[in-house]
Amino acid sequence: MSTYHPLHVIGGGLAGCEAAWQAAEAGASVVLHEMRPLKMTEAHLTQGLAELVCSNSFRSDDHEHNAVGLLHEEMRRCGSLIMRAADAHKLPAGGALAVDRVGFSDAVTAAVHGHPNITVERGEITGLPPADWANVIVATGPLTSRPLAEAIRQLTGEDALAFFDAIAPIVHAESIDMDIAWAQSRYDKPGPGGTGADYLNCPLDEAQYNIFVDALLNGEKHVYHAWENVPYFDGCLPIEVMAERGRETLRYGPLKPVGLTNPRNPTVKPYAVVQLRQDNALGTLWNMVGFQTKLKYRKQAEIFRLIPGLQNAQFARLGGLHHNTFLNSPRVLDRSLRLRADPRLRFAGQITGVEGYVESAAIGLIAGRMAAADGRGESLSPPAETTAMGALLGHITGGHLAAEGEPGPRSFQPMNVNFGLMPPVAISKPEGHVGRWKSAEKQIAKKRAMTTRALADIMRWA
């Protein structure tokens, strides 16, 4: 057990658990504070640590061509607890890494409780941490309790930004009509732990699609109070909000029919396709991909049963909304994720303005290592912005502006990790390449060069 100043981590989600684990592995004595089950949130159902409440997909696991896949691999090389648990409980999901949510949470919970350097304390932190807590990570996520959020707002002098993130419905497998639906991943891509037939696909013709869109547009939705601000994050828009942006929007989004062939009618391309992804290891529950929604409960089942193959669907959970809160991080946090107004407080996870489970855990990983270094009276430089983790950190802390002591932009919105956050890399046409170097070939070469550089740089930091 460590003897130096204890680290307090507030929040037992993915970011908090990763932060606690990284700090404990570095020798810190950690107290992890989680308010559930003494106080529950609008979205959580259990008292388990690292409970996934939205989608069970960690998205692409392709570390050579996809930024989130690269983030996965960087975290693995840094000894990530979250990635270890995800890999141990992965489900077939095409090119994505999806996990059994219960098994995943159980594994993280057991690992955290079993670490000799971590103590878990249950109870809500209702204000700023006590003055004698000299080293603190706040990783309370998008569901930060109101008293703590208000205390942070008063301390920073910045208004917190809030939006509503929607939860997609989950369907009992036995109620899906497999005489209509078929199993196939887009372009037959197998992905980690997959077979190339990892999604269930429900086809719609043009008339069925238009009936469904009309129902979405006319369905009764939650009515917000005048004081509620709803700036949805574009990467997780409710299905009906997408439909409101244009009749064809869904066909170019989650209902796009590309890369799929209906084996019962292979010569006719579906006008649109609804996909479902396996939600648990048993395969008894399936998640409606991209169907996060703010429709009222009593209308959801009726509308979603208009989809061929789901006409008799039974729902294990209907869609819902939960409140998200995040900081204007480029203005209030430094490059080490410390609050400028009170540097003993460090922030991690979605409250910092990253979007996505993996991104949240990655910021927790960085924060945990930095806090452990602080506890030893040392400092740890951030990972290079040529890495996925460093680029993500740069986005939320203002990047080079913060490094030079200048606050970041006034306008700040959540962001998933992407190659656009990383510095460009120079590439040249492969030796022996004959003919014109096509744009698609060049893009593949750029991504491979960026991922190769990133993995080399993250190992130097790790």
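The values are calculated or read from the model by the stated rules, or taken from the named source; none is laboratory data. Model, not experiment: these values are computed from the prediction. Heads up, the Cβs are rebuilt from the backbone with ideal geometry, glycines too, and the neighbour counts pull from every protein chain shown. Note: accessible area is taken over every heavy atom of the protein model, side chains too, but ligands, DNA and RNA are not part of it. Shrake-Rupley method; radii C 1.70, N 1.55, O 1.52, S 1.80 Å.
Over the chain, Cα pairs under 8 Å with separation of 6+ residues give a relative contact order of 22 percent. A straight Cα-to-Cα reach below 18 Å connects Lys299 with the aspartates and glutamates Asp214, Glu220, Glu240, Glu244, residues fewer than 8 places away in its own chain not being considered. Between Gln154 and Ser379, the modelled labels are 3.2 nm apart [label points 7 Å from Cα along Cα→Cβ]. Annotation: extensible slack from Lys39 through Asn210 equals 57.2 nm (criterion: 0.36 nm per residue apart, minus Cα-Cα distance). Computed from phi, the 3J(HN,Hα) profile of region 119-130 under the Karplus parametrisation 6.51, -1.76, 1.60 (θ = phi - 60°) reads 10, 9, 10, 8, x, 7, 8, 9, x, 4, x, x Hz, with x in place of Gly and Pro.
Extension gain, Arg298 to Ala134: 0.36 nm times the residue separation minus the Cα-Cα distance gives 54.1 nm. Within the shell defined by Cβ-Cβ distances under 10 Å, the residues around Leu81 carry a net charge of -1, with Lys and Arg each +1 and Asp and Glu each -1. On the beta carbon distance between His5 and Arg448, with R0 = 35 Å, the FRET formula returns roughly 0.20.
Over all other residues within a Cβ to Cβ distance under 14 Å of Pro147, the charged ones net out to +1, with Lys and Arg as +1 and Asp and Glu as -1. Accessible surface area normalised per residue over the chain is 41 Å², counting heavy atoms of protein chains with a 1.4 Å rolling probe. Under a Cβ-Cβ cut-off of 13 Å, what is the net charge of the residues other than Ile396 that fall near it, where Lys and Arg count +1 and Asp and Glu count -1? Local charge sum for Ile396: 0. The amide H of Leu97, built 1.01 Å from its N in the peptide plane, has Phe58, Arg59, Ser60, Asp61 as neighbours under 5 Å, considering only residues 5 or more places off or on other chains.
Share of carbon and sulfur in the accessible area of the chain stands at 53%, probe radius 1.4 Å. Summed over qualifying helices (DSSP H, 4 residues or more, each -39500 (n - 2.57)) and divided by its residue number, the chain shows a 222 nm mean residue ellipticity of -9500 deg cm²/dmol.
Of Arg264, Arg101, Arg298, Arg153, the order by accessible heavy-atom surface (1.4 Å probe, DNA, RNA and ligands excluded), from most exposed downward, is Arg298, Arg264, Arg153, Arg101.
Proximity of backbone amide H atoms, modeled 1.01 Å from N, is registered between Val120 and Leu32 at under 5 Å, excluding neighbours fewer than 5 places apart on the same chain.
A simple spin-label model places pseudo-atoms 7 Å from Cα toward Cβ; at Leu217 and Thr195 they are separated by 4.0 nm. Amide H to amide H distances under 5 Å link Leu333 with Arg340, where only residues 5 or more positions off or on other chains count and H is placed in the peptide plane. Largest accessible area first, the listed residues Tyr271, Tyr187 line up as Tyr187, Tyr271 when surface is computed with a 1.4 Å probe on the assembled protein chains.
Length available on full extension from Arg76 to His172: 0.36 nm per residue minus the Cα-Cα distance, which gives 31.3 nm. Taking Cα atoms only, the orientation of helix 357-375 departs from the longest principal axis of the chain by about 10 degrees.
3J(HN,Hα) along region 416-428: 6, 5, 7, 5, x, 7, 9, x, x, 10, 7, 10, 10 Hz, from the Karplus curve 6.51 cos²θ - 1.76 cosθ + 1.60 with θ = phi - 60°, whole Hz, x for Gly and Pro.
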